[in-house]
Amino acid sequence: MTSEAPKRKKTVMNERWLREINWSQDGLVPAIAQEAGSGKVLMVAWMNREALKATADGGEAVYWSRSRKRLWRKGEESGHVQKVRSIRLDCDEDVILLEVEQLGGIACHTGRGNCFFRRLEDGQWVVTDPVLKDPEQIYGAGTEDADAGKGAKAE
């Protein structure tokens with residue numbers, strides 16, 4: 001771990017840092033997951049206080065699933081865990097940046113390396129990144145994540 005790795009023992013004892021965050025009215029803050037080393041943006045998700053505290057305490061990314069209304073431990077179903085190397089807060093104190101090691105090389109439920117696989121070209125969204133693993137192989141046929149990934153596959 002780098003010297004910027006979260007200080008797990010101190011976060012448990014001192015949670016004042018959580019009060020410094022400008023949470024939205026619904027108690028959330030956007031969280032950007034960035035690949036440590038390359039700086040590539042992998043995904044954006046949401047965190048509530050409990051998710052951010054669990055991330056800082058455990059060293060693995062935990063998010064708040066707005067659709068499922070529950071904590072979502074990244075990789076709990078896919079195995080594509082994000083090991084957190086550092087946690088940063090932006091200048092307005094309303095966005096979290098997680099520098100992570102993405103296990104398995106897949107961050108997106110569509111089976112891609114990151115969630116930003118479409119680029120705007122001539123007024124149309126064009127898929128630019130390949131599917132590395134079929135979502136049905138990751139999550140199982142007929143699951144919510146596998147079905148959600150179908151609409152975004154490259155043709």
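Using r as the Cβ-Cβ distance of residue 18 and residue 122, and R0 as 41 Å, what FRET efficiency do you calculate, to the nearest 0.05?
Values: r = 45 Å, r/R0 = 1.09.
Efficiency, rounded to the nearest 0.05: 0.35.
Database remark: amide H of residue 72 closer than 5 angstrom to the amide H of 63, 64, 65 (H placed geometrically; neighbours at sequence offset of 5 or more, or on other chains; Pro and chain starts carry no H).
Near residue 60, the amide H atoms lying under 5 Å from its own belong to 84; only residues 5 or more places off or on other chains count, and H is placed 1.01 Å from N. Around the amide H of residue 113, modelled in the peptide plane, lie the amide H atoms of 107, 132, all under 5 Å away and 5 or more residues distant in sequence or on another chain. Provide the net charge surrounding residue 116, with neighbours chosen by a C-beta distance below 13 Å and charges set as Lys +1, Arg +1, Asp -1, Glu -1. So the environment of residue 116 carries a net charge of +2.
Treating r as the C-beta distance of residue 89 and residue 25 and R0 as 22 Å, the FRET efficiency rounds to 0.70. What does the charge count near residue 125 come to, summing +1 for each Lys or Arg and -1 for each Asp or Glu among other residues with Cβ under 10 Å from its Cβ? That works out to +1.
Coordinate-derived values only; no laboratory data. A quick note: this is a predicted structure, and the numbers were derived from the prediction, not measured. No Cβ is skipped: glycine too gets one built from the backbone with ideal geometry, and neighbour counts run over all protein chains shown.
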